[in-house]
Every structure is written in C-alpha cells, then in structure tokens.
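Notes to accompany the following structure.
The values are calculated or read from the model by the stated rules, or taken from the named source; none is laboratory data. Since we're looking at a predicted model, the values are computed, not measured. In this analysis, Cβ positions are derived from the backbone assuming ideal geometry, glycine residues included, and neighbour counts consider all displayed protein chains.
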C-alpha cells in the first residue's frame with residue numbers, strides 16, 4: 001500500500017502545492033469568498049489587437065494578469081472531433097474559383113475561402129459516416145484502441161503528468177463528448193435522421209467511443225490519479241438541447257456511466273473525488289439536471305449569455321454547480337461603462353457564492369478593443 005502524498009496515491013499537502021493549484025482547487029471546492037482564478041476561454045481578436053499595439057512577443061498571461069496554470073490535461077481522445085489515429089488525409093477535393101472544398105483531418109468536406117482557414121465560419125458539406133458500411137470503411141479502424149502510435153510517447157507524457165501532480169496540479173482527462181463525436185461523424189442534421197432511421201449505427205459508434213476512451217484512460221491511470229473528466233459536448237443551441245432528453249438517455253448516458261465506473265474503479269487514490277465537467281455552448285439550463293442525475297456532473301462551462309444563460313440566476317438555482325465562463329463577450333465590446341455594470345452585477349454575487357471562474361463565454365471576438373479588454377482585466381483583478 002502506498003502512503004506517500006505524491007499527488008498520485010494521495011494529494012500533496014496544500015503547503016507543498018503551487019499557488020495556482022491551490023487557487024484552482026478552491027474554485028472546484030466551491031469555497032465561498034475565494035479569489036477568482038484568473039484565465040480566459042480563448043481569443044479570436046489577437047490579429048486585430050496587434051494593429052492596436054499588442055506586441056507579438058508579449059506573454060498574454062503576464063500582460064493580462066492571468067494565473068499560472070493550475071491543471072494539466074492528458075488529451076489523446078479528440079476534442080471537437082473523434083480521436084482518430086491515423087487521421088484522414090487533408091486534401092483539396094474541389095476547386096470552386098474563389099472557394100475550395102477540402103477534406104479535413106476528420107474526413108469532412110468543408111467549404112473554405114481559397115487559401116483561408118480561419119476568421120470565418122466554415123461550411124460543412126459532407127461527413128464520413130452515412131451507414132454501417134461507411135462507418136466501418138472510413139472510421140472504425142481509425143479508432144482502434146490498440147494502435148501502437150497512440151502510446152508511442154506514453155512514458156514521457158506520464159512522467160510529465162506525475163511531475164505536475166506532485167505540485168498539486170489538477171490532472172484532467174479531456175475528451176470529445178458523445179454528442180460532439182457523433183456530430184463530427186454524421187453532421188448535426190444527419191445525426192438526427194440516423195437516431196430514427198439507424199439507431200444501431202449510433203450505438204455502434206458509441207461502443208467504439210467507449211472502447212477507445214476506456215482503453216486509453218486505463219493506460220493513463222496506471223501512472224496517475226485523475227481529478228477531472230472533461231467532456232467537450234456542445235450539445236445545446238440558443239433554445240436548448242440539440243437532441244431530446246430521451247435521446248441523451250439512450251445514446252449518451254449509458255456509455256458515460258460505463259466509462260465513469262471504470263475510471264473510478266481504477267483510481268490509484270481511491271478517495272479522490274473525480275470532477276465531471278460538461279462544456280457546451282448555447283442555452284444549457286435544460287440539460288443541467290439531466291447531466292447531474294445521470295453522471296453526477298460537477299462543473300459546467302461556458303454559459304453563453306447571448307443564449308440566455310445568466311450565471312447569477314443559474315448559480316442560485318443550482319448552488320452545488322461549479323460554473324466557469326458567464327462573461328458576455330458582447331458587453332466586452334461595449335466599453336468601460338457596460339463592462340463595469342456587468343462586473344458589478346455578477347462578480348460580487350458569484351465570489352460570495354464560490355465555485356465560479358469568470359471567462360468570456362467563448363473566444364474574445366475581434367470587435368472587442370484592446371483598451372476595453374484591459375479595462376475588463378483591471379476589474380477582474382479586483383477579485384483576484
């Protein structure tokens with residue numbers, strides 16, 4: 001039996017943790033009044049900010065006053081797409097003058113402006129799975145959990161993870177959620193037809209999702225104890241869930257429950273709480289209780305305000321929920337007065353509640369001026 005508090009078999013004492021890990025763990029512990037962990041969701045604005053004076057050499061963490069990382073992610077299981085190995089060949093399949101159609105790494109056919117791959121919403125024209133035959137020919141073999149290339153650098157990655165755990169860092173296993181995975185295979189519309197026309201195909205895809213995730217995570221757990229399972233789901237749009245509760249109960253939750261049962265059974269530190277985080281854009285309120293009841297969801301992000309998510313109201317209705325996000329990216333573009341009004345309404349209440357990390361409710365858009373974002377960061381640091 002291991003008794004050493006090495007971050008793997010037992011948590012290191014708080015005095016031995018790096019400050020950022022203590023601060024992040026306080027957020028997960030829903031410690032009322034704790035300083036806000038300082039981070040950002042992401043950026044779509046950096047090119048524009050360069051024209052406004054932001055140096056290309058600057059450290060965003062130092063410049064904006066973010067905290068050092070408090071967690072370490074393991075990856076290897078996809079994010080917005082399936083965890084293919086090997087991935088599809090990226091190739092141009094059609095020239096349309098000012099546009100071109102590319103087969104991307106996930107096997108989708110995507111319409112782009114010629115020579116451009118960012119700064120606009122791509123249009124997905126086709127997806128690799130249409131029936132059992134295309135599933136097996138195009139995708140199934142790419143999800144083989146025994147592929148040696150998946151584990152080529154396992155020792156190096158796990159040594160790094162153990163080093164981070166010894167500092168008290170939260171160890172997070174992130175992976176593509178079932179809905180996001182199915183959508184990347186079939187497309188959002190195709191998936192909805194398939195639920196009715198070919199449910200056995202949906203189950204076949206999810207069985208492979210589970211087999212891959214369980215095998216890879218089991219390898220990781222020989223070396224490390226997980227603090228969090230983070231599912232990139234994106235299951236909501238601006239009026240609620242993209243699939244029904246009954247569909248979630250049939251096609252997602254049984255596989256999530258099996259995965260979580262295996263993870264908890266294998267934990268080297270059997271007393272460690274495994275936090276479960278669901279990431280979804282859109283109006284997420286209708287699915288909160290579903291995820292809590294089915295898989296014990298502890299954390300949700302990023303609470304898109306434009307879709308109707310109000311973290312103050314949700315935090316009141318779900319006091320045990322950890323909430324990350326909730327800062328209206330549109331308000332960040334409206335200047336200091338609007339930013340102040342938002343901060344003054346949300347931050348004091350949520351800090352008193354605990355369990356909240358403020359970030360933009362998606363990547364900071366190019367419409368946000370650098371000087372206004374700096375004002376927002378100044379206000380954030382008042383709660384740091």
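Numerical summary
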item: Selection status of residue 290, more than 30 Å from residue 257 (Cα to Cα) and in the same structural domain as residue 243 (by TED's automatic domain parsing); result: no
item: So residue 118, is it more than 25 Å from residue 157 (Cβ to Cβ) and either in contact with a helix residue (DSSP H, G or I) (Cβ under 8 Å, 6 or more places away or on another chain) or not assigned by TED's automatic domain parsing to the domain that holds residue 228 (or both); result: yes
item: Condition broken by residue 198, with the remaining ones in (1) crowded, with 19+ Cβ neighbours inside 10 Å; (2) over 21 Å from the mean Cα position of the chain (by Cα) satisfied; result: (1)
item: Helices (runs of 4 or more DSSP H) contained in the range 17-118 and holding at least 1 residues modelled with pLDDT under 95 and more than 30 Å from residue 182 (Cα to Cα); result: 46-51
item: Restricting the range 264-276 to residues that are within 20 Å of the chain's Cα centre (by Cα) and without any contact (Cβ under 8 Å) to a residue 60 or more places away in the chain, the residue that is farthest from residue 10 (Cα to Cα); result: 276
item: In the range 36-62, residue farthest from the chain's Cα centre (by Cα) [restricted to those that are over 19 Å from residue 301 (Cβ atoms) and crowded, with 16+ Cβ neighbours inside 10 Å]; result: 54
item: The lone exception for residue 5 - which of (1) surrounded by 13 or more Cβ atoms within 10 Å (Cβ to Cβ); (2) closer than 30 Å to residue 218 by Cα; (3) touching a residue at least 12 places away in the same chain (Cβ under 8 Å) it fails; result: (3)
item: Any hit, the range 9-25, residues being free of Cβ contacts under 8 Å to residues at least 60 places away in the same chain and either farther than 30 Å from residue 276 by Cα or in contact with a helix residue (DSSP H, G or I) (Cβ under 8 Å, 6 or more places away or on another chain) (or both); result: no
item: Residue match in the range 18-28 (condition: surrounded by fewer than 20 Cβ atoms within 10 Å (Cβ to Cβ) and under 30 Å from residue 185 (Cα atoms)); result: no
item: From 245, 302, residue being more than 30 Å from residue 10 (Cβ to Cβ), touching a residue at least 60 places away in the same chain (Cβ under 8 Å) and assigned by TED's automatic domain parsing to the domain that holds residue 159; result: 302
item: Scope the range 284-328; condition in a loop (DSSP other than H, G, I, E, B), farther than 20 Å from residue 253 by Cβ and in contact with a helix residue (DSSP H, G or I) (Cβ under 6 Å, 6 or more places away or on another chain); matching residues; result: 303, 328
item: Filtered residues of the range 217-252 (kept if more than 18 Å from the chain's Cα centre (by Cα) and part of a helix (DSSP H, G or I)); result: 218, 219, 220, 221, 245, 246, 247, 248, 249, 250, 251
item: The one condition in (1) under 30 Å from residue 224 (Cα atoms); (2) over 21 Å from the mean Cα position of the chain (by Cα) that residue 206 fails to fulfil; result: (2)
item: Residue that is modelled with the lowest pLDDT, among those in the range 119-143 that are part of a loop (DSSP other than H, G, I, E, B) and surrounded by 15 or more Cβ atoms within 10 Å (Cβ to Cβ); result: 122
item: Condition check for residue 210: closer than 17 Å to residue 257 by Cα, surrounded by 23 or more Cβ atoms within 10 Å (Cβ to Cβ) and assigned by TED's automatic domain parsing to the domain that holds residue 258; result: no
item: Top-ranked residue of the range 222-244 - restricted to ones that are farther than 18 Å from residue 308 by Cβ and touching a helix residue (DSSP H, G or I) at 6+ places or on another chain (Cβ under 6 Å), ranked as surrounded by the most Cβ atoms within 10 Å (Cβ to Cβ); result: 224
item: Positions within the range 144-166 being outside any helix (DSSP H, G or I) and touching a residue at least 40 places away in the same chain (Cβ under 8 Å), in sequence order; result: 144, 145, 146, 147, 166
